[in-house]
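Accompanying notes for the structure given below.
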Amino acid sequence: MTNNKLSTVQSLQWTGHSLKVLDQRQLPELIVYDDYVDAAGVAEAIKSMRVRGAPAIGIAAAYGVVLSVIGHYSGSNEHWKDAVHADIELLAKSRPTAVNLFWALNRMKAVLADVSANPLTEVQACAESIHADDIAANYRMGELGADLLANAKGILTHCNTGALATGGYGTALGVIRSAYARKPINIYAGETRPWLQGQRLTVWELGQDEVPVTLIADSAAAWLMKSGAIDWVIVGADRIALNGDTANKIGTYSLAVLAKQHNVKMMVVAPTSTIDGTIKSGDEIEIEQREQRELLPGCYQDNPYIKAWNPVFDVTPAELISAIITEKGVVLTPANGGVVGLLVV
Ligand code: MRU
C-alpha cells in the first residue's frame, strides 16, 4: 500500500440521488450497504451507528441535507426551506459529541441562506467538497504525523479512525498508514470496548489493506507500554476545545494517563473541523451516554439490581497530549497555548 492511495474501504458513497452507507454494526462478518433517500434515514443511520466516526458523521449529515433539498425543493412553493431546516434540526439531534456534525450542518445552512433559484447544484457541491476536503486533510495529516514517527518502533491506536470513520484514508489511522508506508512499524490496536471499534473495524480495515496489526485487550495497554513496545499512542478526536482538551472515544483518557506513567507520547490527529472554536475547555463538551443495553449482557437487562453506566467518550486534558496534528499544522505540547493559532492560519 502506498500513502497516496485511498484505502480500499469506503464507508459512504454518494450516487447523485441517494447515500450508500456501509453498515458498520455488521462488520466484519457482513459487508452491507444501505441506500438512504431522505434526511430522516441518514439521521437514523448516524444515531444507530451504522455510520460513525466524527468526520464521517459530518459528511453523512451534509449529504442528508442534499437529500432533504431533493425531497422538498419546489420552485412553486417558497416554504420548501422550512422543511429542509426541520431536517437539519433532526440531523443535529442524532449524536451530541462530534462537533464535525454541527460544523457540516452550519456549512450547509450557509449555502442554503444564499442559494439561488434551483439550490440542488449548490448544496450538492458543498457536500461533495466537505467530503473531498476531508480526504485531502487526511493525506496532509498523514504526512505531518508520520514526520514525528521517524524513530518510532511501535504505536498503539484506539477506536477506529480510518477510512470507515472519515471520507477516506483516516485521521490517526491515516498517520499510521503514512508512517507504515515509509517504514514498517509495529501497530497495536485496542479492542475498544464496549462497541469494539478496534476489534471489529480497525483490524479489519488494516487487514483489507494488508497492513499488519496486533489486537490487544483494552486492559493490556499498561502492560504493553511497560514492555517498551510502543513509543506513541495515536488517536483521533470528536471535539477539541480551544485549550487543546480533547474529547475522543471512552478509554482515551485512560491511555493518556498510562502513557504519561510510561514515558510514551500521545498524539491526537483531527482536521480543523473537529476544533470547536466556541468552547474554552473540555469541561464544556457534552459527553454522549448510550443505552445500557450496549454494555450490559442480555441476561441482566431486566435485573432491577444491575445497571450500566455507558459514557461513550471522555476528555483528555491538553497537558497529557504531546502533539495535535491537523491539516493546517502541528501543535506540539498544546497545553502551552492551546490550538487557537490553527484557526487563524
Ligand atoms: O462512537 P464513535 O465510533 O463514533 O466514536 C469515534 C471516535 O471516537 C473516533 O476516535 C473519532 O470520531 C475520530 S474518527 C476519525
Legend entry - Those residues of segment 294-321 which are crowded, with 16+ Cβ neighbours inside 10 Å and small (Gly, Ala, Ser), in sequence order: ALA318
Inset, instruction - Tell me which residues, restricted to segment 245-289, are more than 17 Å from THR171 (Cα to Cα) and of a type in the set (Gly, Ala, Ser). - result: GLY251, SER254, ALA256, ALA259, GLY277, SER281, GLY282
Inset, instruction - Sort out which residues of segment 130-161 are touching a strand residue (DSSP E or B) at 6+ places or on another chain (Cβ under 9 Å) and of a type in the set (Ser, Thr, Tyr), and write them in order of number. - result: THR157, THR161
Legend entry - Total residues in segment 239-266, condition farther than 25 Å from GLY154 by Cβ and within 13 Å of the ligand (Cβ to nearest atom): 3
Inset, instruction - Could you list, in sequence order, all residues of segment 265-315 that are without any contact (Cβ under 8 Å) to a residue 24 or more places away in the chain and polar (S, T, N, Q)? - result: THR278, GLN289, GLN292, GLN301, ASN303
Legend entry - Every pair of residues 6+ apart whose Cβ atoms lie under 6 Å, when the first sits in segment 316-345 and is over 20 Å from ASP134 (Cα atoms) while the second is surrounded by fewer than 23 Cβ atoms within 10 Å (Cβ to Cβ) and aromatic (Phe, Trp, Tyr): THR316/TYR253
Inset, instruction - Those residues that are under 20 Å from ALA132 (Cβ atoms), within 8 Å of the ligand (Cβ to nearest atom) and not β-branched (Val, Ile, Thr), I need them from segment 160-187; list them, please. - result: GLY162, ALA165, GLY170, LEU173
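Where residues in segment 190-199 are surrounded by 20 or more Cβ atoms within 10 Å (Cβ to Cβ) and within 12 Å of the ligand (Cβ to nearest atom), which of them is nearest to ILE216 (Cα to Cα)? Can you show your working first?
Going residue by residue through segment 190-199, those that are surrounded by 20 or more Cβ atoms within 10 Å (Cβ to Cβ) are 190-192, 195, 197-199.
Still in the running and within 12 Å of the ligand (Cβ to nearest atom): 190, 192, 195, 197-198.
Values: GLY190: 5, THR192: 9, TRP195: 15, GLN197: 12, GLY198: 9 Å.
Going through the qualifying residues, I end up with GLY190.
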Legend entry - Number of the condition not met by TRP195 [criteria: (1) modelled with pLDDT under 95; (2) not in a helix (DSSP H, G or I)]: (1)
Legend entry - Only one of ILE287, ILE324 that is at pLDDT 95 or above, surrounded by 14 or more Cβ atoms within 10 Å (Cβ to Cβ), under 23 Å from SER219 (Cα atoms) and within 14 Å of the ligand (Cβ to nearest atom): ILE287
Inset, instruction - Determine if segment 221-228 includes at least one residue that is without any contact (Cβ under 8 Å) to a residue 12 or more places away in the chain, in a helix (DSSP H, G or I) and away from the ligand (no atom under 11 Å from the Cβ). - result: yes
Inset, instruction - Considering every residue within segment 272-286, establish whether at least one is in a helix (DSSP H, G or I), touching a helix residue (DSSP H, G or I) at 6+ places or on another chain (Cβ under 8 Å) and hydrophobic (A, V, I, L, M, F, W, C). - result: no
Inset, instruction - Only one of these is small (Gly, Ala, Ser), more than 20 Å from ALA86 (Cβ to Cβ) and in contact (Cβ under 8 Å) with a residue 40 or more places away in the chain: ALA127, ALA137. Name it. - result: ALA137
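The values are calculated or read from the model by the stated rules, or taken from the named source; none is laboratory data. Remember, predicted model here, so these are calculated numbers, not experimental data. FYI the Cβ positions are ideal-geometry reconstructions off the backbone, even for glycines, and counts take in every protein chain you see.
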